[in-house]
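Student: Just passing along the structure, written as structure tokens.
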Amino acid sequence: MKRTIILKNFRIVDENVNMLGSVIVEDGIIREVFPGSADFSDSGLSNKELDGFLDSARIIIDGGEGADKWGLSLLPALTDIHAHFRDPGFPEKENLESAALAAVAGGYGTVVCMANTDPVIDAPEAAAALKLRSDALGLIDLYPAMALTTGMAGKELSGITRLQPADSGQKAAWPGQRPRRPPLILSEDGKDISDDALLLRAFQEAKRLGLPVSCHCDEGGETKATARVIELGKKAGCHVHIAHVSTKEAVALIRGAKAEAGNAESGFTLTCEASPHHLVLTDETARMLGEETWGKVNPPLRPEADRQALLGALLDGTIDAIATDHAPHSNSDKKKGAPGFSGLETAFSICLTELVSEEGLSLSRLSSLLSASPSRILGLGDRGRIAPGYRADFFITDTDSFWQVDPANMKTRGKNSPFTGRDVRGRILMTIHRGRIVYEAPALK
Ligand code: NCD
Ligand code: ZN
């Protein structure tokens, strides 16, 4: 018998849709989506079909009464193309379990974790083993990014040379092949390879595999580093994804290069992400929190003019995705100057509050930036939308409810949020992964 779930009376929002309606899920896949009220009168289904679904449904989740008012919102689960899970190697900061719990509490269903662990994820076997451990938890889909060089030492190419294009998951080698094996993306994380010839060879491997390379452009200044990876990316004809863009100069460079890349015969593709903290905070916040401690992050929080440029790039489509760069640290590491912020549990609410309510971004566009668009960058065309055939990965939120950011209530071990104490909208009430409830918010006191 099929495992059926009905979600009815929700405001259904994805990159293309914003309507009141209901969703029928069968075996972890969306079967029907229809607009209208609780009695399914607009569903287009026959009574017999409808009775069949209602009889077999194990769970019916009801968003609220009446088609004339918005109830709770149902959105596609989020996809984070950039997070640090610290596993293996740094359990005092985070591990697979605490990170996955934080992810589902933040509405995430798919996460890319960076390879700066101990040991570094620089072999296909290590990436696959980490994914298997995560799959066993059953909370999210984890896709470890693989380092470009052995041990991220910048000396010789890593196990990427042993990957086969089919492993990339971009195309299945035979029908029914288990798709989307890791890695889906390559990255040297904060360390870009300084040797041009070696970085070009890494890009050529990425081109062979059909995988994007996430470039952090942290070293030697963001503008110069961004220009360099764009130049080498053009030479290799690969997909360059620029991580956490933070300056107006980098935005301008990317905007220009994207216009060119659209016509490139080489296959050169350029995408980029911005993180909630760079979109919302400035160097002033860093000074307030402590530039060398709680306000420290790579790249640093920038002046307001840079933030304005990022907002412009978000609205005109230059920025393809919002990624957390979730970088949990222990309090003692943070006090010693470890850069980075925890972000998985605040990303949606911060963006909803500061970008949708304040800056006029539509909720559909926010959904795209946090879900469908980063999924596409990873080649995951089966998620990020609420439409028949897509995966039943959702979260439920009340966009009118307020809550206060308090790291003490967070699942992550890294209590280093720069948003502590803020009042934000849109508490995550429930997260559903492949048609199963993996997170429910505790009842409000
Ligand atoms: C990253 C981390 O902690 O892993 N921190 C950060 O501020 N983004 C590493 C890094 O990119 O410096
Ligand atoms: Zn990072």
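Student: Do we find a residue being part of a strand (DSSP E or B), among the charged types (D, E, K, R) and under 30 Å from the mean Cα position of the chain (by Cα) anywhere in segment 31-43?
Tutor: yes
Student: Right, another one. Need a quick list: helices (runs of 4 or more DSSP H) entirely within segment 270-359 having at least 2 residues that are over 19 Å from residue 420 (Cα atoms), among the aliphatic types (A, V, I, L, M) and in contact (Cβ under 8 Å) with a residue 24 or more places away in the chain. Quick ask: steps written out before the conclusion?
Tutor: On the way: elements: 276-280, 283-289, 304-315, 331-335, 347-351.
In segment 270-359, the matching helices (runs of 4 or more DSSP H) lie at 304-315.
Student: Run down 52, 44, 21 and say which single residue is modelled with pLDDT under 95 and surrounded by 21 or more Cβ atoms within 10 Å (Cβ to Cβ).
Tutor: So the residue among 52, 44, 21 that is modelled with pLDDT under 95 and surrounded by 21 or more Cβ atoms within 10 Å (Cβ to Cβ) is 21.
Student: Let me ask something additional. Taking into account only those residues within segment 239-253 that are over 17 Å from residue 323 (Cβ atoms) and either within 13 Å of ligand 1 (Cβ to nearest atom) or free of Cβ contacts under 8 Å to residues at least 40 places away in the same chain (or both), which is surrounded by the most Cβ atoms within 10 Å (Cβ to Cβ)?
Tutor: The extreme case among them is 253.
Student: Take the conditions closer than 22 Å to residue 142 by Cα, modelled with pLDDT of 95 or more and small (Gly, Ala, Ser) and apply them to residue 371. Does it pass?
Tutor: Criteria met by residue 371.
Student: Every residue in segment 321-343 that is charged (D, E, K, R) and touching a His at 6+ places or on another chain (Cβ under 8 Å), please.
Tutor: If the condition is that a residue be charged (D, E, K, R) and touching a His at 6+ places or on another chain (Cβ under 8 Å), then 325 is the only one that fits.
Student: Within segment 410-427, is there a residue that is under 23 Å from residue 183 (Cα atoms), in contact with a Pro (Cβ under 7 Å, 6 or more places away or on another chain) and touching a residue at least 40 places away in the same chain (Cβ under 8 Å)?
Tutor: no
Student: Can you pull out every residue in segment 214-253 that is in contact with a Gly (Cβ under 9 Å, 6 or more places away or on another chain), part of a strand (DSSP E or B) and within 14 Å of ligand 2 (Cβ to nearest atom)?
Tutor: Selection gives 215 alone.
For (1) at pLDDT 95 or above; (2) within 16 Å of ligand 1 (Cβ to nearest atom), each residue gets a yes or a no:
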site	(1), (2)
70	no, no
74	yes, no
96	yes, yes
128	no, no
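Student: May I pose another question? Specify which of the listed residues (80, 55) is part of a strand (DSSP E or B) and among the charged types (D, E, K, R).
Tutor: 80
Student: Look at residue 320 and say whether it is of a type outside the set (S, T, N, Q), modelled with pLDDT of 95 or more and either within 16 Å of ligand 2 (Cβ to nearest atom) or in contact with a strand residue (DSSP E or B) (Cβ under 6 Å, 6 or more places away or on another chain) (or both).
Tutor: yes
Student: Sticking with this structure for a sec: Hey, does segment 98-114 have a residue that's of a type outside the set (A, V, I, L, M) and either part of a helix (DSSP H, G or I) or within 16 Å of ligand 1 (Cβ to nearest atom) (or both)?
Tutor: yes
Student: Okay, next question. Just the residues that are polar (S, T, N, Q) and either within 16 Å of ligand 2 (Cβ to nearest atom) or buried (at least 21 other Cβ atoms within 10 Å of the Cβ) (or both), please, taken from segment 281-300.
Tutor: 298 - this is the single residue of segment 281-300 that is polar (S, T, N, Q) and either within 16 Å of ligand 2 (Cβ to nearest atom) or buried (at least 21 other Cβ atoms within 10 Å of the Cβ) (or both).
Student: Further, regarding this structure: Which residues, counting only those in segment 372-429, are in a loop (DSSP other than H, G, I, E, B), among the hydroxyl-bearing types (Ser, Thr, Tyr) and either out of contact with any Phe, Trp or Tyr (no Cβ under 8 Å at 6 or more places or on another chain) or over 29 Å from residue 301 (Cβ atoms) (or both)?
Tutor: Of everything in segment 372-429, those that are in a loop (DSSP other than H, G, I, E, B), among the hydroxyl-bearing types (Ser, Thr, Tyr) and either out of contact with any Phe, Trp or Tyr (no Cβ under 8 Å at 6 or more places or on another chain) or over 29 Å from residue 301 (Cβ atoms) (or both) turn out to be 390, 412, 420.
The values are calculated or read from the model by the stated rules, or taken from the named source; none is laboratory data. All values reported here derive from a predicted model rather than from experimental measurement. Virtual Cβ from ideal backbone geometry, glycine too; neighbours counted across all protein chains shown.
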